[in-house]
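K.L.:
Sharing a structure with you now.
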Amino acid sequence: MFDLAIVIVNFNTRDYLRDCLTSIYKSRGDFTFGVCVVDNASSDGSANMVRAEFPQTQLIESPVNGGFSYANNLGLRAHGFGLAAETTQKGVSLFGLSTAEELSAPPRYALLLNPDTELPEDGLALMLRFMDEHPEAGAVGPKLVLEDGSLDLACRRSFPTPQVALYRMVGLSKLFPRHRRFGRYNLTYLDPDQVAVVDSVVGAFMLVRREAIQQAGVLDEEFFMYGEDLDWAYRITQAGWKVYYNPVVSVLHVKRAASRHSRKAEREFYRAMRIFYWKHYADSTPFWLHWLVLTGISLRAGLLRVQQLLMANGTHQDTCAEGSGE
């Protein structure tokens with residue numbers, strides 16, 4: 001039985017995935033781990049690369065791109081998380097495992113890790129030690145650093161309550177990042193080098209305790225991408241656990257390696273906002289604020305759609321112009 005199950009969801013990020021796996025297998029420390037790569041129907045040869053270069057890695061090839069939550073749950077279930085109830089309900093064996101294997105105790109911890117991250121050699125050991133020293137912690141995330149050396153602001157967040165979301169949408173969080181009320185979305189008023197209890201960390205590196213998963217359940221697959229980590233952290237904290245930001249460990253994060261050119265990914269951001277709001281806040285929000293939040297989300301999503309259409313039209317015109325000049 002491993003101490004740590006690492007789940008990496010990959011979609012057409014073969015070269016980043018190679019670097020990520022290389023950094024994982026260079027890890028030092030007194031712990032055991034297993035890595036599961038879930039490939040979301042990539043077309044860039046990612047699965048073949050894993051088979052050829054990292055044969056010690058468990059590989060699950062999804063025939064469809066079912067999204068981040070769907071794929072992470074495949075990996076979590078492959079390590080035994082959430083299987084007891086599901087196997088009983090469905091009466092089937094998953095991934096070719098025997099019923100006894102499926103129902104055995106999963107590892108002490110599970111780590112959701114993006115393929116566009118690179119870990120320091122002592123990173124996993126230090127994060128596991130932190131969790132062992134903080135039994136009240138249900139989840140923890142490190143300091144994520146972008147390629148230019150700046151902080152990835154998403155690595156520590158507040159839940160997007162209607163008030164927090166409103167400050168974000170009207171721009172107050174950017175105007176007053178150090179303000180304790182207006183800067184709550186990304187907790188920009190906090191020292192990035194201090195350990196802190198936060199509402200949520202990001203799914204690019206999210207280390208979660210087995211017991212917290214057993215109580216909160218696995219990821220909600222209604223979220224295709226974005227929002228699923230916030231929702232998971234919300235359910236973990238509702239179960240009585242704390243979520244920590246631990247900057248003692250610094251992890252490189254390229255950020256949006258698989259989604260930066262995806263229009264669907266951009267639209268999913270606002271869809272995730274709606275799902276999270278309706279699931280956790282709509283019933284308790286005053287009507288006037290309820291209307292403002294939904295209107296704000298719709299306006300931002302509509303603006304994005306207009307921008308995408310204009311860009312697509314411009315690209316089409318450029319292509320036609322190039323063609324007529326030949």
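Quick note: the coordinates plus some simple rules give every number you see, no bench work behind them. As the structure is a prediction and not an experimental result, all values here were calculated from the model. Every residue, glycine among them, receives a Cβ derived from its backbone with ideal geometry; neighbour counts consider all protein chains shown.
K.L.:
Net charge around residue 54, counting only other residues with Cβ within less than 13 Å of its Cβ (Lys, Arg = +1; Asp, Glu = -1)?
P.N.:
+1
K.L.:
Based on the mean of other beta carbon atoms within 10 Å per residue, what is the order of 38-45, 191-198, most packed first? Mind showing how you got there, number by number?
P.N.:
On the way: 38-45: 17.6, 191-198: 13.4.
So the order, starting with the most tightly packed, is 38-45, 191-198.
K.L.:
Summing +1 for each Lys or Arg and -1 for each Asp or Glu, what net charge is found among the other residues whose Cβ lies under 10 Å from the Cβ of residue 110?
P.N.:
+3
K.L.:
Under a Cβ-Cβ cut-off of 12 Å, what is the net charge of the residues other than residue 245 that fall near it, where Lys and Arg count +1 and Asp and Glu count -1?
P.N.:
0
K.L.:
Distance in nm between label sites at residue 32 and residue 163, each 7 Å beyond Cα in the beta-carbon direction?
P.N.:
Here the modelled spin labels are 4.8 nm apart.
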